[in-house]
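Asker: Mind looking over this structure? Questions follow.
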Amino acid sequence: MPDKIIGFSKLSRVDKINWISKNFLNNSNEFENILNKYLNDDNKIQSLHNSFSENSISNFYLPYSVSPNFLINNNNYCIPLVTEESSVVAALANSSKFWYDRGGFKSKVLLNTKSGQIHFKYNGNIENLQEFVNKNEDELIKSTDKLTKRMKQRGGGIKKIELINMSKKLVSYFQLNVSFLTIDSMGANFINSCLEKISKTFQELINNSDQFKESEKKIEIIMSILSNYTPECIVESSVECKIDELGSVGKMSSNEFAIKFKTAFDIANIDINRAVTHNKGIMNGIDAVLISTGNDFRAVEAGIHAFASRTGNYKSLSECSIIDNIFRIKLKIPLSIGTVGGITDIHPMVKLSLKLLKTPTSNDLMNIICSVGLAQNYAAVKSLVTTGIQKGHMKMHLINILNKQNATQDQINKAEEYFKDKDINNQSVSNFLDQH
Ligand code: MEV
């Protein structure tokens, strides 16, 4: 076992690599060779990437893909997607092309308030505290004026501060719940700075107040932090068409397909085993756009899964209805994202993605991301209730093997047809290439 190292972050890149090779990789050169292959030739770009994270010693590539023909609120988008999962983009491209001819996706931001909490302990009269918060709400908000000036100019800022009594769940525990509008930024830094300022002012105002007994003044601030649960920052997307416009699917009539498809959605609504996987299919699309646009996918994932359990049972995020011969699917999710700030202004690929999406506002991007999630969900469930999911996966597996064996585009096209009902492995593909 290697000794504990002190001051690792202060070592040069080469020394870090040598230390790792010596202690974990038998001094092999392979580690350094591979890391070096993934460095960018352009020094400026490389230093930019180094600056994103501590102890960065190379870059980690993921494919940057695009999916064209995405009609959302009558705008035709070409969506940038970063994902390593082989069939995600192909499935999405099929789904968006299909819905393009049926009116495309309709999407609306329903709410866009975010929140953060100051968590504190208080031992004293609750009515007194409530009265104090009501009386000082404006003063608390005012104390953030310097921080909120620019956000207010853009139409955002702090909406309100409320006292939440949580002392029945945890002794002496209260919150100041602060609501924010952050316009086109995700606003994490903004919200956290405001919360820290408000918590200081709160403590000072209480100390200077004659409304409290000395013992009551000893509030203890536990922490001040934004919440990644954003049930008041919500977007909803849907697509619909007449049942016969779904067309026949394999051996199924459009009506049989619609009913089977809806049953799959209904199962995801009542069974957690299916709901989690159903929602994972939605997140395949959502995460890919979040990453390509420089958004915090961990925050969004956490918030969305909490939202899926808001009734006390984890459920599917999307719904399917068949009413008066109209087949409709709908996805409603909380989404706290940004199109300015963070790495959106710095990372060249992120800037490119946002340009490709016609420089969206954060509401536009919410509509795009939710629609992509729904399109991905349609594609996944469609293949599950028809051909099964392996067909698409096997096609990508085939293409991977063909590419490794340096097949031409003509051979790839022929192989796709040939392998529709045959075993795909290195040997069978190699035999096929010998003959074609
Ligand atoms: C695989 O990444 C995603 C699916 O499992 C989603 C689903 O089951 O709905 C195909």
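Asker: Just to check your reading of the model, which residue among 264, 258 is of a type outside the set (Lys, Arg), touching a His at 6+ places or on another chain (Cβ under 9 Å), in a helix (DSSP H, G or I) and more than 30 Å from residue 182 (Cβ to Cβ)?
Answerer: 264
Asker: Something else about it: Yes or no: residue 401 more than 16 Å from the ligand (Cβ to nearest atom) and in a helix (DSSP H, G or I)?
Answerer: yes
Asker: Looking at the structure I just gave you, is residue 320 more than 15 Å from the ligand (Cβ to nearest atom) and touching a strand residue (DSSP E or B) at 6+ places or on another chain (Cβ under 8 Å)?
Answerer: Judged against the criteria, residue 320 is not a match.
Asker: Inspect all residues belonging to segment 103-125 and state whether any of them is without any contact (Cβ under 8 Å) to a residue 60 or more places away in the chain and farther than 21 Å from residue 293 by Cβ.
Answerer: No, segment 103-125 contains no residue that is without any contact (Cβ under 8 Å) to a residue 60 or more places away in the chain and farther than 21 Å from residue 293 by Cβ.
Asker: Here's a check for you: in segment 234-255, which residue that is farther than 19 Å from residue 106 by Cβ and in a strand (DSSP E or B) is farthest from the chain's Cα centre (by Cα)?
Answerer: That would be 252.
Asker: Do we find that residue 131 is at pLDDT 95 or above, charged (D, E, K, R) and either out of contact with any His (no Cβ under 6 Å at 6 or more places or on another chain) or within 16 Å of the ligand (Cβ to nearest atom) (or both) in this structure?
Answerer: The answer is yes for residue 131.
Asker: From the set of residues in segment 148-174 that are in contact (Cβ under 8 Å) with a residue 24 or more places away in the chain and within 27 Å of the chain's Cα centre (by Cα), which is surrounded by the most Cβ atoms within 10 Å (Cβ to Cβ)?
Answerer: The residue in question is 158.
Asker: Using the structure shown, decide if residue 280 is among the basic types (Lys, Arg) and either within 16 Å of the ligand (Cβ to nearest atom) or crowded, with 18+ Cβ neighbours inside 10 Å (or both).
Answerer: In short, yes.
Asker: Another question, then. With a cut-off of at least 1 residues that are in contact with a Gly (Cβ under 9 Å, 6 or more places away or on another chain), touching a residue at least 60 places away in the same chain (Cβ under 8 Å) and within 16 Å of the ligand (Cβ to nearest atom), name the helices (runs of 4 or more DSSP H) lying wholly within segment 27-102.
Answerer: 88-100
Asker: Just one of 197, 169, 146 is under 30 Å from residue 360 (Cα atoms) and of a type in the set (Lys, Arg); which is it?
Answerer: 146 is the lone residue from the list that is under 30 Å from residue 360 (Cα atoms) and of a type in the set (Lys, Arg).
Asker: Which count do you get for residues in segment 247-277 that are aliphatic (A, V, I, L, M) and within 11 Å of the ligand (Cβ to nearest atom)?
Answerer: The total comes to 5.
Asker: Now for a separate question. Any residue in segment 316-344 that is modelled with pLDDT under 95 sitting within a Cβ distance under 8 Å of a residue that is assigned to a strand (DSSP E or B) and among the hydroxyl-bearing types (Ser, Thr, Tyr)? List the pairs, counting only those 6 or more apart or interchain.
Answerer: What qualifies is 341/185; 342/185.
Asker: Also, I was wondering about something else. Would a scan of segment 377-386 turn up a residue that is hydroxyl-bearing (Ser, Thr, Tyr), over 22 Å from residue 304 (Cβ atoms) and within 16 Å of the ligand (Cβ to nearest atom)?
Answerer: The answer is yes; a qualifying residue exists.
Asker: Can you confirm whether segment 288-303 contains a residue that is away from the ligand (no atom under 16 Å from the Cβ), more than 11 Å from the chain's Cα centre (by Cα) and in contact (Cβ under 8 Å) with a residue 12 or more places away in the chain?
Answerer: Taking every residue of segment 288-303 in turn, none turns out to be away from the ligand (no atom under 16 Å from the Cβ), more than 11 Å from the chain's Cα centre (by Cα) and in contact (Cβ under 8 Å) with a residue 12 or more places away in the chain.
Asker: How about segment 242-263: which of its residues are under 21 Å from residue 332 (Cβ atoms) and surrounded by fewer than 19 Cβ atoms within 10 Å (Cβ to Cβ)?
Answerer: The answer is 263, and nothing else.
Asker: List the number of the failed condition for residue 233; all other conditions in (1) within 18 Å of residue 140 (Cβ to Cβ); (2) in contact (Cβ under 8 Å) with a residue 40 or more places away in the chain hold.
Answerer: With respect to (1) within 18 Å of residue 140 (Cβ to Cβ); (2) in contact (Cβ under 8 Å) with a residue 40 or more places away in the chain, residue 233 is out only on (1).
Matching residues to (1) farther than 28 Å from residue 306 by Cα; (2) more than 12 Å from the ligand (Cβ to nearest atom); (3) among the acidic types (Asp, Glu):
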{"site": "330", "(1), (2), (3)": "no, yes, no"}
{"site": "346", "(1), (2), (3)": "yes, yes, no"}
{"site": "357", "(1), (2), (3)": "yes, yes, no"}
{"site": "361", "(1), (2), (3)": "no, yes, no"}
{"site": "369", "(1), (2), (3)": "no, yes, no"}
{"site": "372", "(1), (2), (3)": "no, yes, no"}
{"site": "389", "(1), (2), (3)": "no, no, no"}
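Asker: Here's another thing I want to ask about it. Give me a count of the residues in segment 51-70 that are under 15 Å from residue 349 (Cα atoms) and surrounded by 12 or more Cβ atoms within 10 Å (Cβ to Cβ).
Answerer: Residues flagged as under 15 Å from residue 349 (Cα atoms) and surrounded by 12 or more Cβ atoms within 10 Å (Cβ to Cβ) within segment 51-70 amount to 6.
Asker: Filter segment 103-129 for residues that are within 27 Å of the chain's Cα centre (by Cα) and assigned to a loop (DSSP other than H, G, I, E, B); which is surrounded by the fewest Cβ atoms within 10 Å (Cβ to Cβ)?
Answerer: Result: 103.
Asker: Restricting segment 304-317 to residues that are closer than 20 Å to residue 385 by Cβ and of a type outside the set (S, T, N, Q), which is nearest to the ligand (Cβ to nearest atom)?
Answerer: Filtering segment 304-317 for residues that are closer than 20 Å to residue 385 by Cβ and of a type outside the set (S, T, N, Q), the one nearest to the ligand (Cβ to nearest atom) comes out as 317.
The values are calculated or read from the model by the stated rules, or taken from the named source; none is laboratory data. Given the structure is predicted, the values throughout are model-derived calculations rather than measurements. Positions of Cβ are generated from backbone atoms using ideal geometry, with glycine treated the same way; all protein chains shown enter the neighbour counts.
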